[in-house]
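Take a look at the structure below.
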Amino acid sequence: MDRIPILKMGRVLLVTIQVDMHDRLALALQDDLSERIVRDGARGVLIDISSLEIVDSFIGRVLGDIAAVSRVLDAVTVVVGMQPAVAITLVELGLSLPGVRTALNVERGMELLRAVTMEDEPDPVDDAGPEG
Amino acid sequence: MAEPSSVIPAILADDEAALLDEWIGEQTAAAQVRRDLLSEVELRQQSAEFLALFRRAAENGRLDDPAGAEWEGVRDLLARLSRSRAVQGFSPSETAMFVFSLKRPLFARLHARVTDTQALARETWTATTLLDRLGLFTTEVSQHSREEVIARQQQELLELSTPVVKIWEGVVAVPLIGTLDSARTQVVMENLLTRIVEIGAHVAIIDITGVPTVDTLVAQHLIKTVAAARLMGAECIISGIRPQIAQTMVHLGVVLENVTTKATLADAISVALRATGHAVTRIRS
């Protein structure tokens, strides 16, 4: 059975979904990812779905589950590059993926992950001022 | 009922050229004002084509059933003609006159050929019913094509009325004007999301100053749009909430959770600029 490759970049795991996800593939990805987060001690997971054109409620749920699982394992999940049609479909299905962070593209996603994983390290306080 | 065969096909076959001339004369007399929209050559060509098809259909088909298969050619021609005339600006009755004006030359020939009064009455009745039904057909088609035009314009208006404007690098805004229904929300959502990708926007501002009322359904649509934009990785700000609308929303129990809301577009822009790392400062006091 084919699997979706998981690449390691520093403390971030990078997953690019280039094929149409079917249910078994999605579940396999969830298994592999949870395994790899633990093995590699990853702090962030970046899932690029810019080539994904079709989603159903199951795939949507799996994405949510992956985020929840990695949160339990202390890693942050960012889903990047969602197509407009996919976003509309997910919203219409009632799946707004509340626990998942999103970004427009891989670059932005990496920035976000860097910012989030940096928070843990003792960092000089930024001067953004009080924000609501 | 065995209907005695009509002389109408024979008239059409024997006298086509003269009938055509007379008919065109009738049409130009009746529709003298429309010379600006339709050239004589075009009219003659259309009329000749109609007569030829009409003759063929009358020979093969039933004269009392213009909806039959033999009349398809005639109906096609009439449909094409009504449609093009509707676009050219003819009124439906002017278009119907194309068919109705054939009555006088045709009846004159029936009169000349049929001597028996009873037979004449019958022939006249057949011809007039047939032409009436064809005339009504043109009216129907032209009305239908006008409705198509209206529907298309509605669609265009829908798209025109929801522009997505780029405010600054990474910031887009949609000023919504008019009532939000499901169809419009769909268009707004699609436009907004596509532009977010194109521009690479971090922040999208939805300005509802021009939305007259916000009920639960409209709020639902807004929340959906915000959720879809968030899934793509852009943050949404809803601005332009008028005091009355804010009160209505609270009374209706509409909760815009996790959505940044601002009273004015200016506030929203300043928040968006700050979020993208820009600042607006006054250079003169």
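Readers should treat all values here as calculations from the given coordinates under stated rules, not as data from a laboratory. Values in this document were obtained by computation on a predicted structure and should not be read as measured data. Cβ coordinates were reconstructed from backbone atoms using ideal geometry, including for glycine residues, and neighbour counts include every protein chain displayed.
Below, the figures for the structure above:
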{"read-out": "Long-range HN-HN contacts of residue B:209 with modeled amide H, under 5 Å", "value": "B:176"}
{"read-out": "Summed side-chain charge close to residue B:81 - residues other than residue B:81 whose Cβ falls under 11 Å, Lys, Arg +1, Asp, Glu -1", "value": "+1"}
{"read-out": "Inter-site label distance for residue A:61 and residue B:69 at 7 Å from Cα along Cβ, in nm", "value": "5.3 nm"}
{"read-out": "Extension reserve of the residue A:9-residue A:27 stretch, reckoned as 0.36 nm per residue once the Cα distance is removed", "value": "4.2 nm"}
{"read-out": "Projected label distance in nm at residue B:113 and residue B:165, using a 7 Å step from Cα toward the beta-carbon", "value": "7.0 nm"}
{"read-out": "Anisotropy class of chain B from Cα gyration tensor, a/c 1.5 cut", "value": "prolate"}
{"read-out": "Potential lengthening between residue B:125 and residue B:155 on full extension [0.36 nm per residue; Cα-Cα distance subtracted]", "value": "6.3 nm"}
{"read-out": "The protein assembly as shown, helix-only ellipticity at 222 nm - DSSP H runs n ≥ 4, -39,500 (n - 2.57), divided by all residues, nearest 500", "value": "-18500 deg cm²/dmol"}
{"read-out": "Near-label residues of the range B:235-254 by backbone N, under 19 Å of a point 7 Å along Cα→Cβ of residue B:198", "value": "B:235"}
{"read-out": "Distance-filtered residues of the range A:39-72 - backbone nitrogen under 20 Å, label point 7 angstrom along residue A:18 Cα→Cβ", "value": "A:46-55"}
{"read-out": "Phi to ³J(HN,Hα) by Karplus 6.51 cos²θ - 1.76 cosθ + 1.60 over the range B:245-260, Hz, x for Gly, Pro", "value": "5, 4, 5, 4, 4, 5, 5, 6, x, 7, 10, 9, 6, 6, 10, 6"}
{"read-out": "Gained length - residue B:132 relative to residue B:147, 0.36 nm times residue gap less alpha-carbon distance", "value": "3.1 nm"}
{"read-out": "Relative contact order for the range B:1-134, counting Cα pairs under 8 Å that sit 6 or more residues apart, in percent", "value": "34 percent"}
{"read-out": "Amide H partners (placed H, <5 Å) of residue B:235, local residues excluded", "value": "B:203, B:204"}
{"read-out": "Percent of alpha-carbon pairs separated by more than 27 Å within chain A", "value": "19 percent"}
{"read-out": "Alpha carbon Rg of the protein assembly as shown, scaled by the compact-globule rule 2.2 N^0.38 Å", "value": "1.59"}
{"read-out": "Partner lysines for residue B:224 [C-alpha distance under 25 Å; skip if fewer than 8 residues away on the same chain]", "value": "B:166, B:262"}
{"read-out": "For the range B:204-242 versus the range B:58-113, the gap between their alpha-carbon centres in whole angstrom", "value": "54 Å"}
{"read-out": "Residue-count net charge about residue B:69 - beta-carbon cut-off 15 Å; Lys, Arg +1, Asp, Glu -1", "value": "-3"}
{"read-out": "Net charge of neighbours whose Cβ lies under 11 Å from the Cβ of residue B:230, counting Lys and Arg as +1 and Asp and Glu as -1", "value": "+1"}
{"read-out": "Acute angle (nearest 10 degrees) that the helix B:72-88 long axis makes with the longest principal axis of chain B, alpha-carbon atoms", "value": "50 degrees"}
